[in-house]
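K.L.:
One structure, pasted below without further comment.
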Amino acid sequence: MDGTAALPATNRRINGRRLWDSLHEMAAIGATPKGGVRRLALSDLDRQGRDRFRALCEAAGLVVRVDAIGNMFARREGADPGRLPVLFGSHLDSQPSGGKFDGALGVMAGLEVMRTLDDLGLQTDAPVELVNWTDEEGARFGRSLMGSGVWAGVYDPAVIEAAVDLDGVSVGAALDAIGYRGAEPAVPFPADSYFELHIEQGPILEREGVQLGIVTGAQAQVWWDVVATGRDSHAGTTPPGARQDALVCAARIVDLVDRMMRARGEDGRGTVGQMQVFPNSRNVIPGEVRFSVEFRHPDQAEVDRLAVQFPREAGFVARDCGVRVEMRELLRMPAQPFDADCVGLVRDAAARLGYSAREIVSGAGHDAVYVARHVPTAMIFTPCKDGLSHNEAESIEPGEAEAGCQELFEAVVARACRVVA
Ligand SMILES: [Zn+2]
């Protein structure tokens, strides 16, 4: 069934040195003094990164298209014009104090896949397309997975176009300013599959000494905005029985979130990451606290249970504190399993190449999660040092980048050359 079986895997090596050099060529654009990258979506530095990416793609003989939200697609034709393209890629934008590899690894490894196909004189049966999704990070306009989300129909394009950054610059104006509002509509076109290589951004692969993560899907999430309302009163004169302390209530809810997470073992995730205390004065019992709550879990049923249990239990905590709590559910994202056949190709490739690998569920959001709503999708993770990401110290070893890229090459070529009925 595997149309690539005639070519032994060992004869098809990507060039690890060339990949490493191209990663650092990209990292020089927006490089920070601490060794990281600041390349915010649709900024002039993002334009420079895109221009460089486009030039490198065109030098490799690829034809580059840009869609209305700035997503870039670099195509290499296949032998069979009737086949749908196999897509792969990631994103070139970064957090304000981001690392060199988050996103860029998947894009530059994709370029290395294209260059290796050229080196080998190998034309796949299906066309292959390398993608740079616009604004994965959401750091500037507050919408993560923006380009893939518009493409996949998750976001209303008109709402996104009007979204503004802290300086009041809209997405539409920023696209025009850098010249990346493309002619083609940002809608899902028919595609055979999508593969994304990304750093894990967590500690599991490194801790277990495993070279690759075979990503089986993304976990379900539920997010709330919570407002606890008590009563401002004098810190020195208000005895315990007369207090309605919104911060004590919030603290107990933080503890509740942590306990509900830990009750779910290693797969549990529960976080309060943001909190505002009012009036935030040393001598005043806080009358109002606003905070975020989120839970994530690979199992949809667990998140569905948490979505019911957490508000109820938080309500009991509030009653005991004499505080009123309002909760607004902001987001409920279903678990997104990846395509069994595509995941199978990733698993087979690791076995063929002799890489140690384990199955893993993505803890972070990725463009692949939205693409997977329309196109059979899989992801590959490589370890990163100390599991650190969204940090200028984010780091991977050259051998880890090479293994991830080789794995991506194998999976993409297997898919693009598979025999279809
Ligand atoms: Zn990323």
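K.L.:
Go through segment 282-294 residue by residue and turn each phi into a ³J(HN,Hα) via Karplus (6.51, -1.76, 1.60, θ = phi - 60°); whole Hz please, and just put x for glycine and proline.
P.N.:
So the J values, rounded to whole Hz, are 3, 9, 10, 5, x, x, 8, 9, 10, 8, 9, 9, 9.
K.L.:
Gain in length, Asp44 to Ala421, computed as 0.36 nm per residue apart minus the alpha-carbon separation, to one decimal in nm? Can you show the working numbers first?
P.N.:
Working: separation 377, 0.36 × 377 = 135.72 nm, distance 4.66 nm.
Taking Asp44 through Ala421 to full extension adds about 131.1 nm, to one decimal.
K.L.:
Same structure again: Where the accessible area of segment 303-421 is counted over protein heavy atoms with a 1.4 Å probe, how much of it, in %, is carbon and sulfur?
P.N.:
50
K.L.:
What Cys residues in the chain are without a partner cysteine, judged by a Cβ distance under 4.7 Å?
P.N.:
If one checks each Cβ against the other cysteines of the chain, Cys57, Cys342, Cys384, Cys405, Cys417 turn up with nothing under 4.7 Å.
K.L.:
How much length would be gained if the chain were fully extended between Val254 and Asp232, taking 0.36 nm per residue of separation minus their Cα-Cα distance, in nm to one decimal?
P.N.:
Result for the pair: 5.9 nm of gain on full extension.
K.L.:
Another one. What is the set of long-range amide H partners of Glu397 at a cut-off below 5 Å, with H atoms built 1.01 Å from backbone N?
P.N.:
Here nothing satisfies the definition.
K.L.:
Right, another one. Determine the sum of side-chain charges near Leu40: Lys and Arg each +1, Asp and Glu each -1, restricted to other residues whose C-beta is under 12 angstrom from that of Leu40.
P.N.:
Local net charge: -4.
K.L.:
OK, next. Quick one: work out the % antiparallel among DSSP beta bridges in the chain, nearest 5. Before the final figure, lay out the partial values.
P.N.:
Values: 45 of 67 bridges.
Antiparallel bridges make up about 65 percent of those DSSP assigns within the chain.
K.L.:
Keeping all protein chains in place, calculate the accessible area per residue for the chain (probe 1.4 angstrom), answer in Å².
P.N.:
41
K.L.:
Here is a further query. Would you calculate the separation in nanometres between label points at His24 and Ala79, each defined as 7 Å from the Cα along the Cα-to-beta-carbon direction?
P.N.:
3.8
K.L.:
Run the simple label-point estimate for Val159 and Gln274 please: 7 Å along Cα→C-beta, distance reported in nm.
P.N.:
Going by the 7 Å Cα→Cβ label model, 1.6 nm.
K.L.:
Shape verdict for segment 79-147, please, from the Cα gyration tensor: rounded (a/c under 1.5), prolate (a/b greater than b/c) or oblate. Working shown, then result.
P.N.:
On the way: a/c = 5.99, a/b = 1.98, b/c = 3.03.
Oblate.
K.L.:
Which whole-Hz ³J(HN,Hα) couplings does segment 212-217 yield from phi under the Karplus relation 6.51 cos²θ - 1.76 cosθ + 1.60, θ = phi - 60°, glycine and proline marked x?
P.N.:
Per-residue couplings from phi come out as 9, x, 8, 7, 8, x Hz.
K.L.:
I'd like the Karplus ³J(HN,Hα) series for segment 372-386: coefficients 6.51, -1.76, 1.60, θ = phi - 60°, whole numbers in Hz, and an x wherever there's a Gly or Pro.
P.N.:
Each residue's phi maps through the Karplus curve to give 4, 5, 10, 10, x, 9, 8, 10, 10, 10, 10, x, 9, 4, 6 Hz.
The values are calculated or read from the model by the stated rules, or taken from the named source; none is laboratory data. Quick caveat: nothing in here was measured; it's all calculated off a predicted structure. Neighbour counts are summed over all protein chains in view; Cβ atoms, including those assigned to glycine, are modelled from backbone coordinates with ideal geometry. Quick note on the areas: whole protein, heavy atoms, side chains included, nothing else; ligands and nucleic acids left out. Shrake-Rupley method; radii C 1.70, N 1.55, O 1.52, S 1.80 Å.
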